[in-house]
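The values are calculated or read from the model by the stated rules, or taken from the named source; none is laboratory data. Predicted, not measured: the structure shown is a model, and the values here were computed from it. All Cβ positions, glycine included, derive from the backbone under ideal geometry; neighbour counts span all protein chains shown. Just so you know, the surface numbers come from the protein's heavy atoms only, side chains and all, with ligands and any DNA or RNA stripped out. Shrake-Rupley method; radii C 1.70, N 1.55, O 1.52, S 1.80 Å.
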Amino acid sequence: MIRKIQKWLNSLMNRVSSGIKRPVIPLISVTIFLLAALFLPLQSKASESKRLTVALTGKYPPFSFYDPNGELAGFDVDVSRGVARELGQELEIVTTEWDGILAGLLAGKFDAIIGSMAITTERQKQVDFSIPYYVSGAQLFVNAENDEQIGSIDDLAGRRVGVVLGETFEHYLTETHPEIETVTYKSTVDIYQEMLNGRLVGFVTDRLVGGYQIKSAGMPFRPAGKLLYREQMGIPVAHGHPELLAQINRALTHLEKSGSMADLNRKWFGPAASDTVAIHSFAMSNRTITIRLLQGFGVTIGIAFISLLCGFLLAVPAGVVLNSKPSPLLLLVRTTVDFVRGTPVLIQLFFIYFGAPQIGLTLSPLTSAVITLSINGAAYMAEVVRSGLMAVPPGQKLAAKALGLSNFKVFRFVVWPQAFRIAIPALVNSAVALLKDTALVSVISVAEVLRQAQSIISVTYNPMKYYFIVALMFFVFTYPLMKFAGRWEKTLKKRGFADD
Amino acid sequence: MIKVNDLEFTYPDGTAVLKKVSLELSFDQEEHITAIVGRSGSGKTTLLQCLARFLMPKHGRIEIDGVAAHSMTEAQFRSKVGVVFQNLYLFPHLTVLDNLTLAPVHVTGMAEKLAEQKAREILERVGVGDQADSYPAQLSGGQAQRVAIARALLLKPDFLLLDEPTSALDINTTNALAKLLQSLGGSTNFIIVTHDIPFVRKVAHRAVLIRDGRVVTHDTVESVMELFQQEEKQAEQVNAQ
């Protein structure tokens, strides 16, 4: 049954991608897809047999990145394929943000992480690591064009040094070099930008990755000093899966012995290979970029639309309750609304995405996103509905009652139509806010437009351009909405609403 | 006939507004308009609110054609007694026509076509037949007043209560309203709460004077108005001193 639904969803998604030429169809399809996703039985991916689900970021070239065709490629991707082949299992790769990747593993979203994760005692408390599959180390890089004579990390006391949030380098720097100001970033792309802007004097990253990225991005950075320390990269699995761990270890050993690992090393880090990849990484075609941005925006609009709909349907009864006389129900709704409005959406999102598995619900990223945004939107819109209802003069209700209308009909035909019209401008503002909030769900690896842009940027190294395009896409949608809200307010005044 | 017996009303803060009010308002073909007058704060609006069953008196009893008002169902009561508020409260999101047909269609279950036809007839009768498709905000004060009266009349109430109907009208529209109300005699009787003496003189057949929550007199318009005018003059002198 699950398989059938997945197959149906896949074909839907294919239609979504092929429908890009006809812009209306993808939107409808995405909406249907999202609706379907909401009501799908919840199933842990990791529990399926004969299929190995691994996670990596897809933003860590040359270990994982998107090639010009938009396909995942890199050393870690090849190792994943090798391991799956050795295990005789079908491979599924999930891309997710680095700072949530361990939480995802613990929540059972995937079986293993093959994403260049260093083996540390800290991490070993949470997960079991395989034997190391490669060795690298932390390296300080500085601006090559800088006149300063920076020989090593010891020359940087009091200076700003960048690291990617959640990587072991951050921990290392703050622990062993407290004299340095350690600054964290989402990705190396941001760090490069900050280096060029002169806000950072250096950054610490993996020796192999740094060397590769600097070269392929044509950045004027050079390594300074020796390796800060060595790191062994392993494949973590959640505690309590000794069989899987043993299988992975066997697979790695076999890949090593058969010479496949050496081939991969040559392919990605040998002198010839590195140049080839460098050319590729700059050559993501405009067509691929356009398709991915449009697909991403389709998902964005779909999420926003469904969340808005669900949120509104929740907001109407909630708003009515908020406008009622004191009761336990009012207290409950009031507290809930205040709590949701008074806490960051991002935390709510994490709470639902990472928290739900702990009570036995494994929600897909998309479902988590829609649920979070629906609840959040509902809380804000409930307040809007409440103030809309309050703005209807009490005399309107009285006049309707004087005509003999029942309480329900008074609400249905007299109070609600006026409250709704009064609330429209504020509701549109809520819709605009909700649309913008969808950008947050990129952190739980929903392939909406911001996440698509980020992965494009990880290949093209052009954050300004693509963030601007994404901003523009949002604006094209939100601007007419805001204009409409403004016009409507004028119409309301002309029609004499909420005048007593 | 509306019969009020020993009606008392006290607001939650303890202010007694109506003190043992007893009244018999009877109407006939010739005399279908009674005015209830009094200075502001006299309790006349509270009396209207009780007559309209928006306020429930603690003591006393109101009978509509011999039946106790408090024993009637909401539907029974509303079919007998209509109200036109000082602020009119036309529904701003509905056209004039829809303002009129809302109750017949959704309360008495009248067919929409029939309700529309009757609404147009009555709009014609009160002189705003050409405004059927306008929205309330597009109407003048006098037109809005007529629409509000038409909306109440369409339900054919036996008694129609009007609260300060001239407060927003100029002298010409006030005169026109007086003429209109006089022409509407027959099936509906009007009870007008107001302090507009010239209007009462023009329109009413009988009048009631209320002072400090008590009925002072219930008589012909002329005698009641004389008393009321004296009262007004005295009050002015007190203010002037």
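In region B:1-101, what is the count of Lys pairs whose alpha carbons are under 16 Å apart, counting only pairs at least 8 residues apart or on separate chains?
Lysine pairs, 8 or more places apart or on different chains, close enough: 8.
Please give the peptides A:82-93, A:135-146 ranked by average Cβ packing (other Cβ atoms within 10 Å per residue), highest first, as a rough proxy for protection.
By packing density, highest mean first, the sequence is A:135-146, A:82-93.
Just subtract the alpha-carbon distance of B:Glu124 and B:Asp158 from 0.36 nm times their residue separation and send over the number in nm, one decimal. Provide the component values of the computation, followed by the final result.
Working: separation 34, 0.36 × 34 = 12.24 nm, distance 2.07 nm.
Fully extending the segment from B:Glu124 to B:Asp158 adds 10.2 nm.
Mind grabbing the accessible area of B:His218 for me, 1.4 Å probe, Å², rounded to tens?
60 Å²
Semi-axes of region A:414-500's equivalent ellipsoid from the Cα gyration tensor, sqrt of 5 times each eigenvalue, largest first, rounded to whole Å?
In descending order the semi-axes read 38, 14, 6 Å.
Tell me the label-point distance for the pair B:Thr95, B:Gln237, using the 7 Å Cα-to-Cβ offset, in nm and rounded to one decimal.
5.8 nm
Out of all Cα-Cα pairs in the protein assembly as shown, roughly what percent, to the nearest whole number, are more than 33 Å apart? Kindly include the intermediate steps, with their values, before the conclusion.
Working: 176125 of 274170 pairs.
Result: 64 percent of Cα pairs exceed 33 Å.
Answer with one residue from A:Ala304, B:Thr10, A:Ser430: the one whose Cα lies farthest towards the positive end of the charge dipole of the protein assembly as shown, charges on Cβ with Lys, Arg +1 and Asp, Glu -1.
Looking along the dipole axis, the top candidate is A:Ala304.
Quick one: which residues, 5+ away or cross-chain, put their amide H under 5 Å from the amide H of A:Leu72? H built at 1.01 Å from N.
So A:Leu72 has HN proximity to A:Asp67.
When the Karplus curve 6.51 cos²θ - 1.76 cosθ + 1.60 is applied with θ = phi - 60°, which whole-Hz ³J(HN,Hα) does each residue of region B:39-56 get, with x for Gly and Pro?
Taking θ as phi minus 60°, the curve returns 6, 5, x, 6, x, 5, 6, 4, 4, 4, 4, 6, 4, 8, 6, 8, 10, 9 Hz for region B:39-56.
From the protein chains alone at 1.4 Å, what is the descending order of accessible area for A:Phe351, A:Phe474, B:Phe91, largest first?
Result, largest first: A:Phe351, A:Phe474, B:Phe91.
Determine the shielding of peptide B:89-97 by partner chains: average, over its residues, the number of Cβ atoms on other chains within 10 angstrom of each Cβ.
6
Measuring from label point to label point, each 7 Å out along Cα→Cβ, what is the A:Ser152 to A:Gln126 span in nm?
Output for this residue pair reads 3.2 nm.
Stokes-Einstein at 25 °C, 0.890 mPa s, Kirkwood radius from Cα pairs: D for region A:43-151 in µm² s⁻¹?
158 µm²/s
Once both labels are modelled 7 Å past Cα along the beta-carbon direction, what's the A:Phe468-B:Glu74 spacing in nm?
6.2 nm
Please report how far the C-alpha centroid of region A:361-435 lies from that of region B:210-225, rounded to the nearest whole angstrom.
That distance is 49 Å.
Starting from the Cα gyration tensor of region B:172-241, take the square roots of the eigenvalues, sort them a ≥ b ≥ c, and report rounded, prolate or oblate (rounded when a/c is under 1.5, otherwise prolate if a/b is larger than b/c, else oblate).
The shape class here is prolate.
How many Cβ atoms of partner chains, on average, are near each residue of A:384-396 if near means within 10 Å of its Cβ?
For this peptide, the per-residue mean of nearby foreign Cβ atoms is 1.
Using a Förster radius of 45 Å, what is the FRET efficiency between B:Ser140 and B:Glu63 based on their Cβ-Cβ separation? Nearest 0.05, please.
The pair B:Ser140/B:Glu63 has a calculated efficiency of 0.70.
Compute the angle between helix B:96-106 and the longest alpha-carbon principal axis of chain B, please, reported from 0 to 90 degrees and rounded to the nearest 10.
90 degrees
So how exposed is A:Phe475, as accessible area in Å² (1.4 Å probe, rounded to 10)?
Roll a 1.4 Å probe over it and A:Phe475 shows about 100 Å².
Using Cα positions and a limit of under 28 Å, work out the lysines in reach of A:Lys493, with same-chain residues fewer than 8 apart set aside.
Correct list for A:Lys493: A:Lys397, A:Lys401, A:Lys409, A:Lys483.
Over the Cα atoms of region B:1-98, what radius of gyration and what Dmax do you get, in Å?
15.0, 43
How high is the relative contact order of chain B? Use alpha-carbon pairs under 8 Å, at least six apart in sequence, and give a whole percent.
Rounded, it is 27 percent for chain B.
To the nearest 100 Å², how much accessible surface do chains B and A hide from each other in total, with a 1.4 Å probe?
2000 Å²
In whole Å and largest first, what semi-axes does the C-alpha gyration tensor of region B:88-241 yield when each eigenvalue is scaled by 5 and square-rooted? If you can, show how the numbers build up before the last one.
Details: eigenvalues 230, 55, 35 Å².
In descending order, the three semi-axes are 34, 17, 13 Å.
Grab the alpha carbons of region A:340-451, take their convex hull, and tell me the volume per residue in Å³.
That works out to 119 Å³ per residue.
Between region A:303-335 and region A:165-185, what is the separation of their alpha carbon centroids in Å?
If you average the Cα positions of each part, the centres end up 44 Å apart.
Which of the pairs A:Lys436/A:Lys494; A:Lys215/A:Lys465; A:Lys59/A:Lys465 have their Cα atoms more than 27 Å apart in this structure? Walk me through the intermediate numbers first.
On the way: A:Lys436/A:Lys494 31 Å; A:Lys215/A:Lys465 21 Å; A:Lys59/A:Lys465 18 Å.
Cα-Cα > 27 Å for A:Lys436/A:Lys494; rest within.
Would you mind getting me the FRET efficiency between A:Thr343 and B:Arg201? Use the beta-carbon distance for r and R0 = 60 Å, nearest 0.05.
0.35
Using only atoms on other chains, find how many Cβ atoms lie within 10 Å of each Cβ of peptide B:48-54 and report the average. Don't skip to the end; give the middle numbers.
Values: counts 0, 1, 0, 0, 3, 2, 3.
The shielding value for this peptide is 1.
What angle do you read, to the nearest 10 degrees and between 0 and 90, between the alpha-carbon axis of helix A:449-460 and the longest principal axis of chain A?
20 degrees
Quantify, in whole percent, the carbon and sulfur part of the accessible surface of region A:350-400 (1.4 Å probe; protein heavy atoms only).
Within region A:350-400, the accessible surface is 71 percent carbon and sulfur.
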